[in-house]
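Undergrad: What follows is a single structure, and I will ask about it in a moment.
The values are calculated or read from the model by the stated rules, or taken from the named source; none is laboratory data. Keep in mind that this is a model prediction, so the values were computed, not measured. When we count neighbours, we look across all protein chains shown, and the Cβ atoms used for this are built from the backbone with ideal geometry, even at glycine.
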Amino acid sequence: MIVCKFGGTSVQDAAAILRLAKIVAARQHEQPIVVVSALARVTDSLVSLAESVRQGHAAALEATLETLHDRHRSVANALTGGEMALPALDAGFAELRSLLRPAVGRALTPAERDLLLGQGELWSSRLVEAALAHDGIPVAWVDARQVIVTDDRHGRATPLLDAIRLAAQNVMTPLLAAGRIPLTQGFIGATAAGRPTILGRGGSDFTASLLGAALDALRVEIWTDVNGLMTADPRIVPEARTLASATYDEAAELATFGAKVLHPATQLPLAAAGIPIVILNAQRPDQPGTIIGLTRASALRADGPIGSISWKPGAILVNVRAPRMLGAYGFLRQLFEVFERHEVPVDVLASSEVSVSLTVEDPTRLDALVRDLAPLGEVTVNEGRAIVAVVGHGMLSSPGIAARVFAAVQPANIEVISQGASATNLTFVVKEADGPAIVQRLHREFFGSS
């Protein structure tokens, strides 16, 4: 069997859902499991609903709910056979209204917020179910919350792999054996007690990989709106090319440092089993896409060790300078305990004998973070930074790579440099305004122009 995950742009309207149905029909012989995201931009609207509730804006709440309801009903009406989705959609919106209206004027609890943010996937899957059923595809709608078992950390729950494997085999395997095509939702899960959770933004890819690993899939397909992983962001570098293949490590580094095609954790459940991921374009299903696996295809090795140039704007650089840390026992432990306590993830880390530099994304916890770091040393914060990552395979064993990188960066200034122990990336921090030009110069250096 295979897993086919379709992102928000691949289910954004009736035309996109009809394309999805054709793709699934062409794969019936491979026993696909279908995973879908919410319609494009729906999750953002659900986030705004939570804010309207907190601020007591009942009118804004009702207007957004009505807009969302109308959009889903409109897509259903545009699908031949889509009327079968309407009862489930109407019931879902009625349930959501009953949750939100009494809460106006207060912040939603973490559990309520997870329940709210997961509704988009439930609605979109009903639309896809109608389209597949109309085309004669033996679809079986499955609530992902029966399969994706997580801990109770709301907002970014951790999946419990053994429980997911057992649940997937109990729920999905009998359907596949009966010739049915399971259709489920990405992004959402539930605790062992049945309380809804979410995997974090972009988590639909992660859902697909969890199911693929649990059921020993032949491959996991991620259907999106680009042809695959690229040598750079085509919005910055128009001549960027599609990568024929990439390693799991390369894909993870690219996803971490700005490539939004793939969730950073997608490869984790699949790498140990060697299950490949294929990135494909739902609008151009004839394109071969990018294959992600243990090794890069020999055809790509001719391009050299560099696979892609990635960048991530919106970084905040935090520097902690503490001369007394020289030779001090436990300094780094104390430093990271502060970040752990505030649940602030770190993207880039570099250290010297007397200072540590780190980048973070979330500005909402910055003041509290700086306050608790102050006892450790002098803390400075620089916002408006970007992370640039040169990602490739075997970079440490390729002489001259760093020299070429730094020559191409000039005349911009590099503030922090970090090279991963995995030898798959050379990462540095620059001013955000310099980022696009740096990416363009690096791409010309390693890939030329076409």
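Undergrad: I'd like the full set of residues that are in a loop (DSSP other than H, G, I, E, B), among the acidic types (Asp, Glu) and either crowded, with 21+ Cβ neighbours inside 10 Å or more than 20 Å from the chain's Cα centre (by Cα) (or both), limited to segment 111-151.
TA: 135, 143
Undergrad: Then there's this: Let me confirm something: among 267, 283, which residue is polar (S, T, N, Q) and closer than 18 Å to residue 8 by Cβ?
TA: Of 267, 283, the one residue that is polar (S, T, N, Q) and closer than 18 Å to residue 8 by Cβ is 283.
Undergrad: Of the numbered conditions (1) farther than 24 Å from residue 41 by Cα; (2) under 12 Å from the mean Cα position of the chain (by Cα); (3) of a type in the set (Phe, Trp, Tyr), residue 248 fails exactly one; give the number of that condition.
TA: Exception for residue 248: condition (2).
Undergrad: In this structure, does residue 176 turn out to be part of a helix (DSSP H, G or I) and either farther than 18 Å from residue 88 by Cα or among the β-branched types (Val, Ile, Thr) (or both)? Break it down stepwise before answering.
TA: Details: part of a helix (DSSP H, G or I): yes; either farther than 18 Å from residue 88 by Cα or among the β-branched types (Val, Ile, Thr) (or both): yes.
When the stated conditions are applied, residue 176 passes them.
Undergrad: Among helices (runs of 4 or more DSSP H) lying entirely in segment 193-279, which contain 1 or more residues that are in the same structural domain as residue 143 (by TED's automatic domain parsing), out of contact with any strand residue (DSSP E or B) (no Cβ under 7 Å at 6 or more places or on another chain) and not hydroxyl-bearing (Ser, Thr, Tyr)? Lay out the reasoning, then the answer.
TA: On the way: elements: 203-214, 248-256, 268-271.
In segment 193-279, the matching helices (runs of 4 or more DSSP H) lie at 203-214.
Undergrad: Do you know which residues across segment 348-383 are closer than 18 Å to residue 323 by Cβ and assigned to a helix (DSSP H, G or I)?
TA: 373, 374, 375, 376
Undergrad: Right, next: Among the residues of segment 393-435, what is the count of those that are within 17 Å of residue 312 (Cβ to Cβ) and either surrounded by fewer than 16 Cβ atoms within 10 Å (Cβ to Cβ) or not aromatic (Phe, Trp, Tyr) (or both)?
TA: 21
Undergrad: Which one of 351, 357 is hydroxyl-bearing (Ser, Thr, Tyr), within 28 Å of the chain's Cα centre (by Cα) and surrounded by 13 or more Cβ atoms within 10 Å (Cβ to Cβ)?
TA: 357
Undergrad: In segment 222-242, which residue that is of a type outside the set (A, V, I, L, M, F, W, C) and touching a residue at least 60 places away in the same chain (Cβ under 8 Å) is surrounded by the fewest Cβ atoms within 10 Å (Cβ to Cβ)?
TA: 239
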